[in-house]
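Report on one structure; see the data block that follows.
FYI, it's all coordinate maths here, none of it is from the lab. What you see is a predicted model, and the numbers here were worked out from it, not measured in a lab. All Cβ positions, even for glycine, are placed from backbone atoms using ideal geometry, and neighbour counts span all protein chains on display.
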Amino acid sequence: MFWGSALAIYFLFWFAALFMVLPMGVRTHADIGGTHEPGHAESAPVNFSARKIVWRTTLLSGALFGLYYANYVNGWVTIDMIDMTNWAK
C-alpha cells in the first residue's frame with residue numbers, strides 16, 4: 001500500500017471516529033441539574049473540550065486503522081470470502 005493511500009484511509013477512519021466520539025461524555029445543564037443561560041440552546045454542553053475529543057478520536061482511529069492495516073497485510077478477510085449472491089434474496 002502506498003503511503004498516500006494509507007494516509008487517505010487513515011483520515012477516513014479519523015473522521016468516522018470523530019462522529020462516534022462527539023456524543024461521548026456530553027453533559028448539558030439539564031443533566032447536571034442547572035439552568036441554561038438565556039440565548040443558549042438547552043442542549044449546549046456544559047464543558048466542551050476539543051482537546052479531549054481530538055485525543056479520543058486519534059486513539060480510536062489509530063486502533064481502527066491498525067486493525068484495517070493488519071487485515072490488509074495478513075489477508076484475514078478478503079473480498080473473495082464474502083458471498084454476496086445470497087444477499088439479494
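Summary table
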item: Sum of -39500 (n - 2.57) over DSSP H runs of 4+, divided by residues of the chain (222 nm, nearest 500); result: -18000 deg cm²/dmol
item: Virtual spin-label span in nm between ILE82 and TYR69, 7 Å along Cα→Cβ; result: 2.2
item: The chain: chymotrypsin sites (Phe, Trp or Tyr not before Pro) in DSSP coil with no more than 15 other Cβ atoms inside 10 Å; result: PHE2, PHE48, TRP76, TRP87
item: Relative contact order %, the chain, counting alpha carbon pairs below 8 Å whose residues are six or more apart; result: 33
item: Structure-derived Rg/Rh (Cα atoms, Kirkwood Rh): which label, when the choices are (1) 1.20; (2) 0.96; (3) 0.93; result: (1)
